[in-house]
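The structure appears right after this line, and notes come after that.
The values are calculated or read from the model by the stated rules, or taken from the named source; none is laboratory data. Keep in mind it's a predicted model, so treat the numbers as computed, not measured. Here Cβ is always computed from backbone atoms with ideal geometry, including for glycine, and neighbour counts include all displayed protein chains. Heavy atoms of the whole protein, side chains included, go into the accessibility calculation; ligands, DNA and RNA do not. Shrake-Rupley method; radii C 1.70, N 1.55, O 1.52, S 1.80 Å.
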Amino acid sequence: MSTLVIKDLHVEIEGKQILKGVNITINTSEIHAIMGPNGTGKSTLASAIMGHPKYEVTQGTIELDGEDVLAMEVDERARAGLFLAMQYPSEISGVTNADFMRSAMNARREEGNEVSLMKFIRELDSKMETLAMDQDMAQRYLNEGFSGGEKKRNEILQMMMIKPTFAVLDEIDSGLDIDALKVVSDGINQMKGENFGCLIITHYQRLLNYITPDHVHVMMQGRVVKSGGPELAHKLEAEGYDWIKAELGIEDETVGQEA
Amino acid sequence: MTVETKLTMTEQDVRSFSASHSEPEEFTNLRVQALAAAEALPLPKPDKTKIINWNFTDFPVHTVQSSTYASLDELPEQVKSIVDTDQKNLYIQHNNTPAYISLDKNLQQQGVILTDIQTAIREHGDLVAKYFMTEAVKAEEHKLTALHAALLNGGMFLYVPKNLAIKNPVQAIFVHDNEEASLFNHALIVADKGSEVTYVENYISTVPKAKGQANIVSEVFAEDNASVTYGAVDVLAEGFTTYVNRRGVAQRDARIEWALGMMNDSDTISDNTTFLIGDNSVGDTKTVVVGRGTQKQNFTTQVIHWGKNSDGQILKHGVMKDSASAIFNGIGKIEHGATKANAEQESRVLMLSPKARGDANPILLIDEDDVTAGHAASVGRVDPLQLYYLMSRGITKQEAERLVIHGFLAPVVNVLPIEGVKKQLTEVIERKVR
């Protein structure tokens, strides 16, 4: 079993404090969902875990099986087992999707032990089928000219090919129609198992109709303010966030505000 | 070999060189006149690069004698690797010496001419007289074109007769392996009405240094409804002063497409101009460049529209590292009367080190109302968010940069029609950006 421990995490972007002490522990075989209205710091948490260059951790720790994640470069974090499905993935002209994914897979292997082309193509084909992606997307340039939905599927495709220990999915459901939501959920559910843990960031409950989380956390004002089981997501769906705000005496849930 | 530094060639030198190649009198006269004109003519003025102190005139010797290749097995390894095994239409020049030639028998029978330029001057005088430095590039334009005409010492001629489409590419390789050599080299390509051809040339130095001049001119003629695809990979050694002028003239419904990989290690001035003379003609120019060391370069790409409904596309991508500098001038010019013409261009420069310099300079000159035109230009570093994205998949920073750079230069690599040349350009890019 692997464990990702986030302790007292404080993060700034361009001098502005966004996260003000986040604590979450995720084990493999668990699926966690982080919910919350817009502007409460959810995506900042995702970016800070992966090491986005604009986000500065000012306090707190992230450890993966006791290893200091914050001391690692972005690529080292990835090779240590972390993955982030991004909300706005970059477009890279001239680099085909397939070449990129092979480079990513080979980055985890020793020189001379690269994944064979045949095996790679077979696996890519089958995963693309799961995600109902056109085969020609493998030869298109990375994210260039992809629709919003194609980009999301492509993020999940990468996750399925790379097979990380922990995946953070940053609003993977936004902009997806119901059919796309189903195939993306199928992809994520295929990953479930004792060697995989997942942190799903969303502000819609509907994704959780297809993926059942073990733990649900609510973020407000840059902190996790409430945690619970799957029933918490249902309650949020039914009643919204106001009852939590009332319970905690929060008037404005966004990060600019102090409790 | 004797090394004698000549600052200039005299009229007598030019006459005797011409005589030694049994050139017709008109051609000798053309040389002599050009030589006389060269004295007084000014250097060209590439926008934003001062070349007044560049040395375009000194060279150790005018011509060197080099061996011919009896078979492709005799080629140096570096050269062998850029010739595909099934390459049927091939001209190889060894410094100034025509060294190997082959042309598909069927094509010969159908009237295709592929030969070295000297043979063309002797044996195809009419065609040469009609096209050589008459329309696309003129000897009296400036000092360098005049010197080119006067001192021409190599090159190749390709003629494709009417309505013939040549399926397999024609390849020309200009091998430079003698430090003393200078290349006053000319490629003349004539695609007659309704014909189609793909031509790929390599200028390749197999020695690290050069002491001479590379004064290169290519002229491409696409007659009515003809189509010419022109690929080039230039890898000339440091020490040359390189002037390379590639121009095309497209008549009605004709099409000229350029894919130029400009990978010289020498200081280089490049002029690539397409004249869209005929209605509905198309000119498409793609250029990629890598500059390194203390290289200074200037790349001027022009498409000049005369024909109605003509379409001109310019794409230029340059990568600059170390203290290299380069100017990328893109000129779309639409003449009066060229209604419905479309002139588009994109110039992008990627800077890999703080001392590198690059400037994208888009220019639209439009003398007609009913046209469309556009340009995009950018100069900058590798996007940190692209690197972040690639690295977040476990790819090292170095490899991520490599991917971005190769992707940036892919527009030319991907369209080169000869596998060996495509691979060569990829490897040269790899070597230069490392």
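Residue check, residue B:348 against (1) touching a residue at least 24 places away in the same chain (Cβ under 8 Å); (2) within 14 Å of chain A (Cβ to nearest Cβ); (3) farther than 28 Å from residue A:52 by Cα, all met but one. Which one?
Result: residue B:348 fails condition (3) only.
If a residue must be in a loop (DSSP other than H, G, I, E, B) and at negative phi, how many such residues does the range B:143-173 contain?
Number of matching residues: 9.
Tell me, which residue of the range B:334-377 that is over 24 Å from the mean Cα position of the chain (by Cα) and of a type in the set (Ser, Thr, Tyr) is farthest from residue B:285 (Cα to Cα)?
Among those residues, the one meeting the criterion is B:353.
Which condition number in (1) hydrophobic (A, V, I, L, M, F, W, C); (2) touching a residue at least 60 places away in the same chain (Cβ under 8 Å); (3) closer than 23 Å to residue B:432 by Cβ is the one that residue B:275 fails?
Of everything listed in (1) hydrophobic (A, V, I, L, M, F, W, C); (2) touching a residue at least 60 places away in the same chain (Cβ under 8 Å); (3) closer than 23 Å to residue B:432 by Cβ, residue B:275 misses just condition (3).
Within the range B:369-386, can you find the residues that are facing chain A (nearest Cβ under 9 Å) and either surrounded by 22 or more Cβ atoms within 10 Å (Cβ to Cβ) or polar (S, T, N, Q) (or both)?
Answer for the range B:369-386, where residues must be facing chain A (nearest Cβ under 9 Å) and either surrounded by 22 or more Cβ atoms within 10 Å (Cβ to Cβ) or polar (S, T, N, Q) (or both): just B:386.
In the range A:40-89, what residues are among the charged types (D, E, K, R), open to solvent by 20 Å² or more (accessible area, probe 1.4 Å), more than 10 Å from chain B (Cβ to nearest Cβ) and in contact (Cβ under 8 Å) with a residue 12 or more places away in the chain?
A:56, A:63, A:65, A:67
Out of the residues in the range A:6-39 that are at positive phi and modelled with pLDDT under 95, state the one that is farthest from the other protein chains (Cβ to nearest Cβ).
A:36
Where residues in the range B:48-67 are closer than 15 Å to residue B:268 by Cβ and in contact (Cβ under 8 Å) with a residue 40 or more places away in the chain, which of them is most open to solvent (accessible area, probe 1.4 Å)?
Only one residue fits best here, namely B:48.
Name the one entry in B:430, B:419 that is under 19 Å from residue B:353 (Cα atoms) and more than 9 Å from every other protein chain (Cβ to nearest Cβ).
That would be B:430, the only listed residue that is under 19 Å from residue B:353 (Cα atoms) and more than 9 Å from every other protein chain (Cβ to nearest Cβ).
Does residue B:400 count as among the small types (Gly, Ala, Ser), within 12 Å of chain A (Cβ to nearest Cβ) and touching a residue at least 12 places away in the same chain (Cβ under 8 Å)?
Considered against the rule, which asks whether it is among the small types (Gly, Ala, Ser), within 12 Å of chain A (Cβ to nearest Cβ) and touching a residue at least 12 places away in the same chain (Cβ under 8 Å), residue B:400 comes out as yes.
Within the range B:167-200, work out how many residues are open to solvent by less than 10 Å² (accessible area, probe 1.4 Å) and either of a type in the set (Gly, Ala, Ser) or under 12 Å from residue B:417 (Cβ atoms) (or both).
Adding up the residues that qualify gives 11.
Does residue B:151 satisfy being surrounded by 22 or more Cβ atoms within 10 Å (Cβ to Cβ), in contact (Cβ under 8 Å) with a residue 24 or more places away in the chain and closer than 19 Å to residue B:25 by Cβ?
Yes; evaluated as a whole, the condition is true for this residue.
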